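Here is the structure we will look at, set down as structure tokens.
The values are calculated or read from the model by the stated rules, or taken from the named source; none is laboratory data. Keep in mind the model is a prediction, meaning the values are calculated, not measured. Glycine gets a Cβ as well: all are built from the backbone with ideal geometry, and neighbour counts include every protein chain shown.
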Amino acid sequence: MGLFGFGSKKEKTAAAGKNDPFTLSGPANAASAKCIMTAGIRGVALEANLSGDGEVTMTHGPVTISGENAIETYLDIKGEGMPLKPKKARHLGDQNRWIEVASQLLDQGNKVDQVLNKMNDILGSQDFLVGPLTLADSVVAGSILTLKKNGNLPSGLSNVDAWLARVEDKIPESLRANVMSQVN
Amino acid sequence: MTDLFDQRAVADAGAGDYGLSGDMKKTQYVLQLLGAPYCPETLKCILAAAEQGMEMNCGSLETSDLDSADFAAVSDFCMAPALKENDYFTAGTKAITEYINARGLGVSLIPKNVTLAAEQETWIDKSRACSDSVVVLLGDITGQGGDSASARSQLEPMLDELNEQLGKDKYIVGKNYSLADLHWTAVVHLISLSSAADLIDSRSNIKSWIIGILDKKSNCGQSLKAASLLPTVEDIKANKLNNVVIDDF
């Protein structure tokens with residue numbers, strides 16, 4: 001309830017404690033790789049127990065979240081410092097377009113060469129996909145690292161390779177080796 | 001090459017006026033959307049514009065457009081629905097609805113509470129998982145065939161889950177209307193138009209929720225009811241999308 005009793009109704013939800021661990025379960029696929037990369041860049045120590053099929057799920061204390069988009073949203077807000085989600089509408093639209101490209105095309109093996117060539121062009125003139133570092137970078141990196149792991153990433157994309165190194169560099173050093181070992 | 005946005009979703013009223021009713025401020029741009037009336041993802045974008053008080057002219061795509069050079073020229077990787085605002089372009093439901101939410105006049109439809117924001121995303125993903133089945137159920141209207149028995153059985157457990165969720169509170173993720181409601185409005189509306197409308201009628205919580213949504217004024221405080229822009233069976237047959245026109249600035 002806002003000042004003078006107006007405004008939207010506030011709701012109480014289950015909340016995790018400061019020391020509750022973040023645990024990811026589900027299949028070892030692009031969806032889990034995206035969550036792991038997002039956690040890494042946001043400085044969240046995420047314990048991943050990946051096997052089998054089904055939907056990627058994360059628990060944090062009493063909170064259980066299903067689905068990659070929901071987990072990325074939660075990790076982005078719960079991570080250290082400012083969230084990656086941009087405030088500027090155009091950056092937000094671009095970020096989400098890349099997130100859709102990752103799930104609709106890269107993860108499905110559709111138009112992979114076309115998307116990667118476009119990315120290679122864009123990343124020749126800017127450090128990150130949208131301009132500033134956003135969730136698009138952690139999410140698309142998760143998709144691309146999965147393609148690489150499965151031997152489906154074309155070679156000769158020097159700007160994409162340099163971008164992957166820049167994204168990896170954004171993961172705090174204390175978490176980096178563990179994060180990259182889970183997605184490589 | 002023809003710009004499909006300008007060919008099918010022209011933003012200008014003409015005669016030197018601006019906006020769809022001709023009285024819009026030049027500092028605002030009319031959104032241009034390309035999609036299809038039987039596509040739940042397109043309708044979510046229209047609802048977002050209406051809820052947030054942004055004028056939008058909507059043009060319909062034919063199935064054959066999706067692989068055409070004209071569409072490839074305006075939409076990277078031929079992704080649909082596609083949105084243009086003056087010199088800006090984006091595509092895909094998540095990108096378009098959140099862009100409009102950020103640009104529009106109303107308060108944000110994304111919950112501030114982190115758990116609710118995440119829960120909203122889960123319900124949005126569930127609604128998107130219904131889209132292909134919804135399109136199949138509309139086959140009698142669109143003339144596009146498909147296995148409607150299989151589509152029904154895929155939708156049933158998801159609608160059961162939604163019905164149970166709506167038994168807990170007024171809206172899908174709590175007491176306030178959110179993007180999750182907007183996404184499911186499109187899905188439930190299209191199922192209601194199909195020969196499988198009983199899937200909605202037999203679930204009392206969904207039924208009472210959608211009645212409330214259909215009568216709800218837009219989030220931006222204007223008199224428009226967003227759901228009034230959803231297509232009828234005749235609109236779908238004619239491949240016609242309704243524009244979002246704001247006439248009470």
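Out of B:I191, B:I172, one residue alone is β-branched (V, I, T), surrounded by 20 or more Cβ atoms within 10 Å (Cβ to Cβ) and touching a Phe, Trp or Tyr at 6+ places or on another chain (Cβ under 7 Å). It is B:I172.
Within region A:123-159, the set of residues being more than 21 Å from A:G93 (Cα to Cα) and assigned to a helix (DSSP H, G or I) comprises A:L145, A:T146, A:L147, A:K148, A:K149, A:S158, A:N159. Of all residues in region B:55-80, those satisfying the criterion of being within 11 Å of chain A (Cβ to nearest Cβ) and either outside any helix (DSSP H, G or I) or of a type in the set (F, W, Y) (or both) are B:S75, B:F77, B:M79, B:A80.
Just to be sure, is A:L129 of a type outside the set (D, E, K, R) and more than 9 Å from chain B (Cβ to nearest Cβ)? In short, yes. Would you be able to tell me the number of residues in region A:25-73 that are among the polar types (S, T, N, Q) and within 23 Å of B:K112 (Cα to Cα)? Within region A:25-73, residues that are among the polar types (S, T, N, Q) and within 23 Å of B:K112 (Cα to Cα) number 7. Comparison of B:I110, B:I100, B:I141 shows that the only residue that is more than 8 Å from chain A (Cβ to nearest Cβ), at negative phi and in contact with a strand residue (DSSP E or B) (Cβ under 9 Å, 6 or more places away or on another chain) is B:I100. Restricting attention to region B:81-99, the residues that are under 21 Å from B:K126 (Cβ atoms) and either modelled with pLDDT under 95 or of a type in the set (A, V, I, L, M, F, W, C) (or both) add up to 2. Do we have B:K240 as in a loop (DSSP other than H, G, I, E, B) and surrounded by fewer than 13 Cβ atoms within 10 Å (Cβ to Cβ) here? So B:K240 does not fit the description; no.
If you take just the strands (runs of 3 or more DSSP E) that sit entirely in region A:26-80, which of them hold at least 1 residues that are surrounded by fewer than 17 Cβ atoms within 10 Å (Cβ to Cβ), within 14 Å of chain B (Cβ to nearest Cβ) and out of contact with any Pro (no Cβ under 7 Å at 6 or more places or on another chain)?
Fully inside region A:26-80 and qualifying: A:57-60, A:63-66.
Scanning region B:86-117 for residues being surrounded by 22 or more Cβ atoms within 10 Å (Cβ to Cβ), among the β-branched types (V, I, T) and under 17 Å from the mean Cα position of the chain (by Cα) gives a total of 5. Residues that are within 15 Å of B:A186 (Cβ to Cβ) and not in a helix (DSSP H, G or I) within region B:81-104 comprise B:P81, B:G92, listed in sequence order.
Evaluation of A:G142 against the conditions (1) in contact with a helix residue (DSSP H, G or I) (Cβ under 7 Å, 6 or more places away or on another chain); (2) farther than 21 Å from A:S103 by Cα shows that the sole unmet condition is (2).
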